[in-house]
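Student: Supplied in C-alpha cells, the structure appears directly below.
The values are calculated or read from the model by the stated rules, or taken from the named source; none is laboratory data. Being a predicted model, the structure only gives us computed values, none of them experimental. In this analysis, Cβ positions are derived from the backbone assuming ideal geometry, glycine residues included, and neighbour counts consider all displayed protein chains. Accessible surface areas use protein heavy atoms only, side chains included; no ligands, DNA or RNA. Shrake-Rupley method; radii C 1.70, N 1.55, O 1.52, S 1.80 Å.
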Amino acid sequence: AQSVTQPDIHITVSEGASLELRCNYSYGATPYLFWYVQSPGQGLQLLLKYFSGDTLVQGIKGFEAEFKRSQSSFNLRKPSVHWSDAAEYFCAVGARLGTYKYIFGTGTRLKVLA
Amino acid sequence: GAGVSQSPSNKVTEKGKDVELRCDPISGHTALYWYRQRLGQGLEFLIYFQGNSAPDKSGLPSDRFSAERTGESVSTLTIQRTQQEDSAVYLCASSLVFSGGAGAETQYFGPGTRLLVL
C-alpha cells in the first residue's frame, strides 16, 4: 500500500545547528513530493515541492530537500536553524492512487533550543 | 479573499449533535479538499471537490460525514450524530489547478476548525 513515513516524531536541535528531517514513501512510481510546515495556531504552508528534474529543490525560509529515488526518500534540510523554525513539518505524496488522494506523513515536531 | 478561511475556529458540541463546518476557498481556486487531523497524528484525507464535479468521498470515515460545495466557492462539511472520536482539527485546503490525475497541486490550507465532542 502507498504510504509516507516520517520516522522521527520529535526532533530537538540547537539554534544555528543543521537540520535534517526524514521522509520515506512507498509508491509504484515517482510521485509528486511536498513538504509543508505547520506553525502553532497557523495553517499548513508549503515549503517546497518536487515534480521532476533536478533532485535537489530549494524552498522558502532557507529549506531544501533532496529526492533520492533509490532510497525512496525526500529528506528536508536546513544548514542553520532559527528559533522561528520551531513547528511541525509534514511530508506529503501527491499521486493518482486508485482515486485521487494526497497522503501525508504523521509529522515531525521540531523544537529549537536557544 | 487573501487566503482560505474556515469557521468556526473552535466548536464544542455534545455527543449526538450535528455540526457544520464551513470553508471559504481562495477566490478562483477550482479544487477544494477536507482533511482531519487528530491530536498527534498526521492529516487524514476526507474528500475533495473539483468545481462542480462529484466529489471523491472515499476518505469519509462513515456515513455520518457529508460535504457540499456551491459551485467553486464555499464548502460545508457536516458531521451528524457526533461521536467523541470525531474530536479533531478539520482542515480545508484549496488549489488553483486540478490536474485530474496527478497530485501536482499546491494546496493552500486554512487555519482549521478545532472540534471537541464532549
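Student: Has the stretch B:29-39 got any residue that is at pLDDT 90 or above, of a type in the set (Gly, Ala, Ser) and surrounded by 18 or more Cβ atoms within 10 Å (Cβ to Cβ)?
Tutor: No, every residue in the stretch B:29-39 fails to be at pLDDT 90 or above, of a type in the set (Gly, Ala, Ser) and surrounded by 18 or more Cβ atoms within 10 Å (Cβ to Cβ).
Student: Out of the stretch B:25-55, which residues are outside any loop (DSSP other than H, G, I, E, B) and either away from chain A (no Cβ under 14 Å) or of a type in the set (S, T, N, Q) (or both)?
Tutor: B:Gln37, B:Gln50, B:Ser53
Student: In the stretch B:69-87, which residues are modelled with pLDDT of 85 or more, within 18 Å of B:Phe109 (Cα to Cα) and either open to solvent by 20 Å² or more (accessible area, probe 1.4 Å) or within 14 Å of chain A (Cβ to nearest Cβ) (or both)?
Tutor: B:Arg69, B:Ser73, B:Val74, B:Thr76
Student: Separate question: Of all residues in the stretch B:7-24 being open to solvent by 20 Å² or more (accessible area, probe 1.4 Å) and under 15 Å from the mean Cα position of the chain (by Cα), which is farthest from the other protein chains (Cβ to nearest Cβ)?
Tutor: The selected residue is B:Glu20.
Per-residue answers, yes or no, for (1) within 14 Å of another protein chain (Cβ to nearest Cβ); (2) free of Cβ contacts under 8 Å to residues at least 12 places away in the same chain; (3) outside any loop (DSSP other than H, G, I, E, B):
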| residue | (1), (2), (3) |
| --- | --- |
| A:Val4 | yes, no, yes |
| A:Ile11 | no, no, yes |
| A:Leu33 | yes, no, yes |
| A:Gln42 | yes, yes, no |
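Student: With respect to B:Gly110, determine if the residue is touching a strand residue (DSSP E or B) at 6+ places or on another chain (Cβ under 8 Å) and free of Cβ contacts under 8 Å to residues at least 12 places away in the same chain.
Tutor: So B:Gly110 fails the test.
Student: Is it the case, given these coordinates, that A:Gly59 is buried (at least 16 other Cβ atoms within 10 Å of the Cβ) and among the small types (Gly, Ala, Ser)?
Tutor: So A:Gly59 passes the test.
Student: For A:Ser26, are the conditions met, namely being more than 23 Å from B:Gly110 (Cα to Cα), surrounded by 13 or more Cβ atoms within 10 Å (Cβ to Cβ) and small (Gly, Ala, Ser)?
Tutor: On the way: more than 23 Å from B:Gly110 (Cα to Cα): yes; surrounded by 13 or more Cβ atoms within 10 Å (Cβ to Cβ): yes; small (Gly, Ala, Ser): yes.
So A:Ser26 passes the test.
Student: Looking at A:Leu21, is it crowded, with 18+ Cβ neighbours inside 10 Å and within 12 Å of the chain's Cα centre (by Cα)? Reasoning before the result, please.
Tutor: Details: crowded, with 18+ Cβ neighbours inside 10 Å: yes; within 12 Å of the chain's Cα centre (by Cα): yes.
Criteria met by A:Leu21.
Student: Also, quick follow-up: Check the stretch A:78-101 and report whether any residue there is assigned to a strand (DSSP E or B), open to solvent by 50 Å² or more (accessible area, probe 1.4 Å) and out of contact with any strand residue (DSSP E or B) (no Cβ under 6 Å at 6 or more places or on another chain).
Tutor: yes
Student: Go through the stretch A:26-58 residue by residue and tally those that are out of contact with any Phe, Trp or Tyr (no Cβ under 7 Å at 6 or more places or on another chain) and more than 19 Å from A:Lys111 (Cα to Cα).
Tutor: Summing the residues that are out of contact with any Phe, Trp or Tyr (no Cβ under 7 Å at 6 or more places or on another chain) and more than 19 Å from A:Lys111 (Cα to Cα) in the stretch A:26-58 gives 11.
Student: Continuing with this model, one more query. Tell me the residue from A:Phe51, A:Phe67 that is under 30 Å from B:Phe49 (Cα atoms) and at pLDDT 90 or above, please. Show your work before the answer.
Tutor: Values: A:Phe51 fails: at pLDDT 90 or above.
Answer to the check: A:Phe67.
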